[in-house]
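> Please read through the structure below; I'll follow up with questions.
The values are calculated or read from the model by the stated rules, or taken from the named source; none is laboratory data. Keep in mind the model is a prediction, meaning the values are calculated, not measured. So basically every Cβ, Gly included, is an ideal-geometry build from the backbone, and we count neighbours across all protein chains shown. We work out accessible area using only protein heavy atoms, side chains counted, and drop any ligands, DNA or RNA first. Shrake-Rupley method; radii C 1.70, N 1.55, O 1.52, S 1.80 Å.
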Amino acid sequence: MTLPSGSNGIIPEVDQARRRLVPNHHHEQSTITQTYTLDMNYGVTDRFGVQVTVPYLMRKHDHAHFHNGMDAEQIGFSDKGIGDIRITAKYNALMTLRSMVVAGFGVELPTGDTDARDNMGGVMESATQLGRGNVGLIGSAYQTYELIPHRLNQFAFASYRHTFRNNDGYQFGEEYLLNAGLNLVTVPWLVLTNQVN
């Protein structure tokens, strides 16, 4: 990994209890996150449905505190469990034989752990916790069109998420997602997908 020009690789700590940044605090070494997602969808009517998304996360993080010009104690952190659960209402705004447009509005609930501690007993920063610690609002749109009926279709998905400031005074950045792709049915049991995110 190459550091950008003017950077020494030493980053500040977010001291959430005192709501301040501590400059030149530690070297990040690794963060590994594995996410497993359970999506449950229920069609209330032909056009209206509800989706519940439950993420299960496993996260492992390591960094070294920086003192007197060198790395000092190693800090390790790991946690696993349910993250923030999302509930989305979906409305099929355009429903034809070859195309579909679905609008969605969702709420992300603060169900994930926000007070996990590292191996030295310190509370980890918000960005490493399994949950964000506050409600998020999500808007989305999904579109699909059959270019060749029952053989080739294109799809596009866009979403925006806003999360409010949590109780520790930390606010996660806004999230924009754009996906587009093609599905090709080669034989009934094999569908090839090409997607750009």
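> Please enumerate the residues belonging to region 55-66 that are aliphatic (A, V, I, L, M) and open to solvent by 30 Å² or more (accessible area, probe 1.4 Å).
Passing the criteria: only Met58.
> A further question on this structure: Could you go through region 156-172 and let me know if any residue there is among the aliphatic types (A, V, I, L, M) and open to solvent by 60 Å² or more (accessible area, probe 1.4 Å).
No, region 156-172 has no match at all.
> Would you point out which residue out of Leu147, Leu182 is of a type in the set (A, V, I, L, M, F, W, C), farther than 26 Å from Val52 by Cα, modelled with pLDDT of 95 or more and open to solvent by 60 Å² or more (accessible area, probe 1.4 Å)?
Leu147
> Of the conditions (1) free of Cβ contacts under 8 Å to residues at least 12 places away in the same chain; (2) in a strand (DSSP E or B), Gly173 satisfies every one except a single condition; which number is it?
(2)
> Ok, one more. I'd like to verify a number: residues in region 82-135 that are of a type in the set (A, V, I, L, M), at pLDDT 95 or above, closer than 16 Å to Tyr56 by Cβ and open to solvent by less than 50 Å² (accessible area, probe 1.4 Å), how many?
1
> Specify which of the listed residues (Thr144, Thr53, Thr35, Thr88) is in contact (Cβ under 8 Å) with a residue 24 or more places away in the chain, of a type in the set (Ser, Thr, Tyr), under 30 Å from Leu182 (Cα atoms) and touching a Lys or Arg at 6+ places or on another chain (Cβ under 6 Å).
Thr53
> Related question: Which residue is modelled with the highest pLDDT, if the candidates are limited to region 15-32 and must be under 24 Å from the mean Cα position of the chain (by Cα), closer than 16 Å to Gly76 by Cα and open to solvent by less than 50 Å² (accessible area, probe 1.4 Å)?
The extreme case among them is Ser30.
> Go through region 123-140 and report how many residues are touching a residue at least 60 places away in the same chain (Cβ under 8 Å) and either in a loop (DSSP other than H, G, I, E, B) or hydrophobic (A, V, I, L, M, F, W, C) (or both).
Residues in region 123-140 being touching a residue at least 60 places away in the same chain (Cβ under 8 Å) and either in a loop (DSSP other than H, G, I, E, B) or hydrophobic (A, V, I, L, M, F, W, C) (or both): 5 in total.
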